[in-house]
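Read through the structure below, which is laid out as structure tokens, and then see the notes.
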Amino acid sequence: MRADGRKPDEKRPISIETDFVRTAYGSCLIATGNTRVICTASVEEAVPPFLKGKGQGWVTAEYAMLPASTTERKKRDGIKKDGRSVEIQRLIGRALRQAVDLKALGERTITLDCDVLEADGGTRTASITGAMVALTCAAERLVREKKLPISPIIHQVAAISAGVIDDEPCLDLCYQEDSHAQVDMNFVMNEKGEFIELQGTGEGRAFTKKELDTIMEYGEKGIRELMDAQREALGDRARYIAPKPLLLVATGNEHKLRELQEMFKDYYTLAPMTAVGFFGPIEENADTFAGNAAIKAEAVCEATGLPAIGDDSGLEVDALDGEPGVYSARYAGEHGDDEANNDLLLSRMEGKEDRSAAFKCALALKIPGKETIIAEGSCPGTILTERRGTGGFGYDPLFLYEPMNKTYAEMNAEEKNQISHRSRAAEMMRSIMSQLLS
Ligand SMILES: O=P(O)(O)OP(=O)(O)OP(=O)(O)OC[C@H]1O[C@@H](n2cnc3c(O)ncnc32)[C@H](O)[C@@H]1O
Ligand SMILES: [Mg+2]
């Protein structure tokens, strides 16, 4: 029987309150049982001297206990930090560096400060679990403030203790248990169940392989539960842990960006080329959609060194011998003047009996060092004699999709994405990509 009546493999109740410190870039208050730690993440646009000019960032940690966090007042750290705190903060730094792609972080430093409000055992493991949450909050903010195109967090990290008390293996020791534990272990692990650090000591006596196996099993179970709690506390921000790989969209057209983001969200995090500071212009001088799509993707990939997808699309009207075609965006002269383009199309179509047309889309995917991949899609429709609907962009209000008796502009995003020329090209691209991956 444990001091607080828990089962051997039962961890203490956990709660994590995010954004606990409003002035911090990211923060949380984590409580595991009576142990409570404030974890904050601060971002500095600089790296330590040994990393200057190396094109990577740094993650470091500091740990301290508040004077009243233990029953006997703990003296504040003076100029010389106490040895235990130094050892613990190094552990926290090592653990959380494993969560981050330091190259993707860029030349900046994230400092994770873990300040113990109340210490009832397991403060180092609570610090690591809480620091992961504060770090993720900071990553979300770096992306939101457009300092990074994608979260640099590649792994979820959590930590818990386990040990042997009165010859019985137990999970998540409180102070009373910890102080007379025969064996004391700390587990730091990632979401794949891999070990980042194991600290284990037979303090009261040596321990057997069998005991170790049981402790290990408890530790793994505890870590999984902690990771659920971290994700729950983060809510929507949990997406910033191990995001899908980055794919830049080589377009200046926000509507296209939004449609493509939806279509590739299971594979990639799509960000506009401007998110990494590329603004073009890109000269679209090919005479096919596929040619122009390739020009766009290749220009952005070349300039940034990152994978990029380009979209070139347009409307082909049969009675106009395929016009406006590759000139769709600048049909009436000025690039992207949708109103003028639609007016010109209506006037050219006056008196025409055959009103059949098709929207065409070519997508080009360029991954550094690989051949450009092209996928195409088209959607048949009819040109109306007047505009219908207010959604979408470009020629959407004049393009009737007969099977739904709706123009593109009368459809919501989901409906358009089910049948559009772009979604058909995306479907072909996804199938090429999955063949390449398998
Ligand atoms: O070149 P980027 O920067 O990607 O953006 P853009 O708007 O210039 O794009 P295009 O050169 O491919 O021109 C496509 C034009 O075709 C039209 N178009 C393409 N897809 C469309 C869609 O889904 N709905 C309505 N019009 C579309 C619209 O007028 C676009 O401006
Ligand atoms: Mg264009």
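General observations
- Checked against (1) within 16 Å of ligand 1 (Cβ to nearest atom); (2) assigned to a helix (DSSP H, G or I); (3) over 18 Å from residue 140 (Cα atoms), residue 284 passes all but condition (2).
- Taking the conditions (1) on the phi < 0 side of the Ramachandran plot; (2) modelled with pLDDT of 95 or more in turn, residue 178 satisfies each one other than (2).
- Taken over the range 420-434, the criterion of being part of a helix (DSSP H, G or I) and either crowded, with 20+ Cβ neighbours inside 10 Å or more than 22 Å from the chain's Cα centre (by Cα) (or both) is satisfied by 421, 422, 423, 424, 425, 426, 427, 428, 429, 431, 432.
- Filtered residues of the range 351-403 (kept if under 22 Å from residue 435 (Cβ atoms) and touching a His at 6+ places or on another chain (Cβ under 7 Å)): 361, 377, 378
- In the range 330-352, the residues that are touching a residue at least 24 places away in the same chain (Cβ under 8 Å), within 16 Å of ligand 2 (Cβ to nearest atom) and of a type outside the set (S, T, N, Q): 336, 338
- Yes/no for residue 322 being on the phi > 0 side of the Ramachandran plot and without any contact (Cβ under 8 Å) to a residue 24 or more places away in the chain: yes
- Residue 377 modelled with pLDDT of 95 or more and over 26 Å from the mean Cα position of the chain (by Cα): yes
- The set of residues from the range 247-265 being over 19 Å from residue 148 (Cβ atoms) and away from ligand 2 (no atom under 11 Å from the Cβ) comprises 254, 255, 258, 259, 260, 262, 263, 264.
- Within the range 247-281, tally of residues that are touching a Lys or Arg at 6+ places or on another chain (Cβ under 6 Å) and either in a helix (DSSP H, G or I) or at positive phi (or both): 1
- Flag if residue 315 is more than 8 Å from ligand 1 (Cβ to nearest atom) and either under 18 Å from residue 257 (Cα atoms) or touching a residue at least 24 places away in the same chain (Cβ under 8 Å) (or both): no
- Neighbours by Cβ (under 9 Å, 6+ apart or cross-chain): first from the range 141-159, at positive phi; second hydrophobic (A, V, I, L, M, F, W, C) and surrounded by fewer than 22 Cβ atoms within 10 Å (Cβ to Cβ): 146/275
- Here residue 280 fits the description: within 10 Å of ligand 2 (Cβ to nearest atom), farther than 24 Å from residue 399 by Cβ and of a type outside the set (A, V, I, L, M, F, W, C).
- Qualifying position, being assigned to a helix (DSSP H, G or I), touching a residue at least 12 places away in the same chain (Cβ under 8 Å), more than 27 Å from residue 424 (Cα to Cα) and within 16 Å of ligand 1 (Cβ to nearest atom), among 303, 297: 303
- All of (1) within 12 Å of ligand 2 (Cβ to nearest atom); (2) touching a Pro at 6+ places or on another chain (Cβ under 7 Å) hold for residue 268 with one exception: (1).
- Listed conditions (1) under 39 Å from the mean Cα position of the chain (by Cα); (2) more than 8 Å from ligand 1 (Cβ to nearest atom); (3) not in a strand (DSSP E or B) are all met by residue 332, apart from (1).
- One residue from 24, 41, 46 being more than 30 Å from residue 215 (Cβ to Cβ) and either touching a Cys at 6+ places or on another chain (Cβ under 7 Å) or surrounded by 23 or more Cβ atoms within 10 Å (Cβ to Cβ) (or both): 41
The values are calculated or read from the model by the stated rules, or taken from the named source; none is laboratory data. The structure presented is a predicted model; accordingly, all values stated were derived computationally and were not measured. Quick reminder, even Gly has a Cβ in these numbers, built from the backbone with ideal geometry, and neighbours come from all protein chains shown.
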